[in-house]
Amino acid sequence: MALLRLHLHLHLPRPPLPARPHCAPPSPLSTSPWLWRSRLPAAASSRRLLCSTHPASPLDASTAAPPSIVAGLLDYLNESWTHFHATAEAKRQLLDAGFKLLSESDDWDLQPGGRYFFTRNMSCLVAFAIGEKYRVGNGFNIIAAHTDSPCLKLKPRSATFKSGHQMVNVQTYGSGLWHTWFDRDLTLAGRVILKAADGSFKHKLVKLTRPLIRVPTLAIHLNRTVNSDGFKPNLETHLVPLLATKHEEATVTNSDDKSSSSAKAAHHPLLLQILSEEIGCESDEIIGMELNVCDTQPSCLGGGNNEFIYSGRLDNLASCYCALRSLIDSSKAAEQLSSEKAIRMVAMFDNEEVGSDSMQGAGAPTMFQAMRRIIDSVMHQSMGEGALERAIHSSFLVSADMAHALHPNYPDKHEECHRPELQKGLVIKHNANQRYATSAVTAFLFKEIARIHNLPVQEFVVRNDMGCGSTIGPILASGVGIRTVDCGIPQLSMHSIREMCGKEDVDTTYRHFKAFFEMFSDIDRKLNVDF
């Protein structure tokens, strides 16, 4: 598919860090091995927005517990306010780890033992490491997740006025718990398109870190029955963020640039001014934007023993980070790929929350095309009959998306024998109607990895009298024809502006994913179903 080729100049603004009243230090009674950052490290000149913890001193050989990735996850979440930033941060980490950036528009020259990745739309990413013993017909071992989360997005014409207030028109994206977006300190982040003086166009990411907008609730004195009848806002008229009180004209005078005039008419001049100051450009240079409404409260640890992670976008950036780290850490050194016969891959797709039907979603042939191109390049065109089809038949996909943990206040919402709990391990999802792609075979293979490494595993089946959500698993399983298991980290408050999960489950998931990359090929050879 031909892509619009813009000059992608990635810009991750990092203003000085404000105080963090939301990140309280842990209780002195905490048994957590983590220590809170009381000040920025020496490298704070990078101005990365962090609110995590330093790991304890390295463990000695007699200690059973392996290092934790929770601090890295918190940093990743605090960088990744949007799907664009999540992809950009993954890109940065892959480059730092020595992966080579590819372009879908160029020829690929891939070698066994090599590590590569590419991005699409800066919201979808595919990374892979080729085993040095890869041969024609060998498979791909893949972990797939998604970068997007339910949120509010600015409408193309966001400027509106209500009773002397500057308001910002938004549209809902996905199935969010929209009542949780009221009375929060909100801001904007995403990407803008700039027109340069030489006539070229630039794509830049922007993140406004200070509280900028807010959706206030109506006082109970004016809505006396809200607690008895429920909070039922109209999503078109009540879910409109407030920007400022000063009334401004929405038109631009004395401008010869029709695109600039149109942009200023569509958005408040005050908003354009704030964006241009953050980016370091003139307001007239902004000719397009795609901005999400974001919560300014940082991701952090919480709970009596600091055992929980409190954050937005855990669904599904927690899965993305575990997959990313497991690929990087399982292919750091040359010897880690020296005996590998398969290709290890991570795919992070956009638009899962709205059905995946987009160029950058799992419904597009992105992964299938990548698999074909990798085989073509590695085999130098001498593939033999059915090389791609044989590779797909030998491949395995882990569809990683967050799972519904048992809510202690609503235990009846779970099927009696399938009640995943926080801190009890990764959840394998089953559904007879194929809302999840797990089969008995794929579940067994995935659980066998956990058994060998003594990792806890839970299983989930939705009640027969309730509807069941779905994932990218069935989309990829049917679209590519690949064996698939659906799994996820258990969490509470799914699709809220502020979600939570257990930090032990994050580490368990990382170890499970890393073991999948390191040993699945050997386990898979022991089971033959189609004979």
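No lab work stands behind these numbers, since they all come straight from the coordinates. These figures come from a predicted structure and were not determined experimentally. Methodologically, a virtual Cβ is constructed for each residue, glycine included, from the backbone with ideal geometry; neighbour enumeration extends over all protein chains shown.
Find how much the distance from E415 to A219 grows on full extension, using 0.36 nm per residue of separation minus their present alpha carbon separation; answer in nm with one decimal. Don't skip to the answer; put the middle values down first.
Details: separation 196, 0.36 × 196 = 70.56 nm, distance 3.86 nm.
Using 0.36 nm per residue and subtracting the Cα-Cα distance, I get 66.7 nm.
Can you pick out the pairs among K133/K514; K100/K429; K447/K526; K207/K429; K207/K332; K91/K526 whose Cα atoms lie more than 25 Å from each other?
Violating the 25 Å Cα-Cα cut-off are K100/K429; K207/K429; K207/K332; K91/K526.
Starting from the amide H of H238, placed 1.01 Å from N in the peptide plane, find each other amide H under 5 Å away whose residue is 5 or more places distant or on another chain.
none
Give the residue list of trypsin sites (Lys or Arg not before Pro) in segment 202-236 that are DSSP loop and have at most 12 other beta-carbon atoms within 10 angstrom. Write out the running numbers ahead of the final one.
On the way: sites: K202, K204, K207, R214, R224; in loops: R224.
Those that pass, being in a loop and sparsely packed, are R224.
For segment 141-155, what does the Karplus curve 6.51 cos²θ - 1.76 cosθ + 1.60, with θ = phi - 60°, yield as ³J(HN,Hα) per residue in whole Hz, taken in order and with x for Gly and Pro?
9, 10, 10, 10, 8, 9, 8, 8, 9, x, 6, 9, 10, 5, 6
Percent of alpha carbon pairs in segment 269-409 separated by more than 21 Å? Mind showing how you got there, number by number?
Working: 6580 of 9870 pairs.
Within segment 269-409, distances greater than 21 Å cover 67 percent of Cα pairs.
Explain nothing, just compute: Karplus ³J(HN,Hα) = 6.51 cos²θ - 1.76 cosθ + 1.60, θ = phi - 60°, for every residue of segment 74-91 in order, whole Hz, x for Gly and Pro.
Listing the rounded values in order: 4, 5, 4, 4, 6, 7, 9, 6, 9, 4, 5, 5, 4, 5, 5, 5, 4, 4 Hz.
What's the extension gain from L177 to A196 if we count 0.36 nm per residue and subtract their Cα-Cα distance? Kindly include the intermediate steps, with their values, before the conclusion.
Working: separation 19, 0.36 × 19 = 6.84 nm, distance 3.96 nm.
Roughly 2.9 nm would be gained on extension.
Which shape class applies to segment 475-531: rounded if a/c is under 1.5, otherwise prolate when a/b exceeds b/c and oblate if not, where a ≥ b ≥ c are the square roots of the Cα gyration tensor eigenvalues? Write down the numbers at each step before the final one.
Working: a/c = 3.79, a/b = 1.69, b/c = 2.25.
Oblate, because a/c is 1.5 or more while a/b does not exceed b/c.
With unit charges on the beta carbon (Lys/Arg positive, Asp/Glu negative), name the residue among I130, T147, T187 whose Cα is farthest towards the positive pole of the charge dipole of segment 130-225.
Farthest along the dipole direction, towards plus: T187.
Just add up the charged neighbours of R135: K/R +1, D/E -1, any other residue whose Cβ is under 14 Å from the Cβ of R135. Display every interim value, and only then the final one.
Values: positive: K133, K341, R390, R525; negative: E132, E340.
Overall, the nearby charge balance is +2.
With equal scatterers on the alpha carbons only and no solvent term, can you work out the Debye log10 of I(q)/I(0) for segment 276-337 at 0.16 1/Å?
Log10 of I(q)/I(0), two decimals: -0.83.
Among the trypsin sites (Lys or Arg not before Pro) within segment 122-186, which fall in a DSSP loop and have no more than 13 other Cβ atoms within 10 Å of their own Cβ?
Taking segment 122-186 and a limit of 13 other Cβ atoms within 10 Å, the loop trypsin sites (Lys or Arg not before Pro) found are R135.
What does the C-alpha gyration tensor say about the overall shape of segment 91-146? Classify as rounded when a/c is under 1.5, otherwise prolate if a/b is larger than b/c, or oblate. Don't skip to the end; give the middle numbers.
Numbers: a/c = 1.62, a/b = 1.45, b/c = 1.12.
Prolate is the answer for segment 91-146, as a/c is 1.5 or above and a/b outweighs b/c.
Specify whether the C-alpha gyration tensor of segment 147-195 places it in the rounded, prolate or oblate class, a ≥ b ≥ c being the square roots of the eigenvalues: rounded for a/c under 1.5, otherwise prolate if a/b is larger than b/c and oblate if not. Could the numbers behind the result be given before it?
Working: a/c = 1.92, a/b = 1.06, b/c = 1.81.
In terms of gyration-tensor shape, oblate.
Once the Cβ-Cβ distance between F231 and S339 is put in as r, and R0 is 60 Å, what FRET efficiency do you end up with, to the nearest 0.05? Don't skip to the answer; put the middle values down first.
Working: r = 58 Å, r/R0 = 0.96.
Result of the calculation: an efficiency of 0.55.
Over 10 Å intervals from 0, what percent of Cα-Cα pairs in segment 398-477 sits in each interval?
It works out to 17, 51, 29, 3, in whole percents.
Calculate the all-directions average of the projected area of segment 156-244's alpha-carbon convex hull, and give it in nm².
Details: hull surface 32.1 nm².
Hull-based average projected area comes out at 8.0 nm².
Sum up the charges of everything whose Cβ sits under 13 Å from the Cβ of N169, counting Lys and Arg as +1 and Asp and Glu as -1, but leave N169 out. Could the numbers behind the result be given before it?
Details: positive: K153, K155, R157, K162; negative: E236.
Combined, the nearby Lys, Arg, Asp and Glu give +3.
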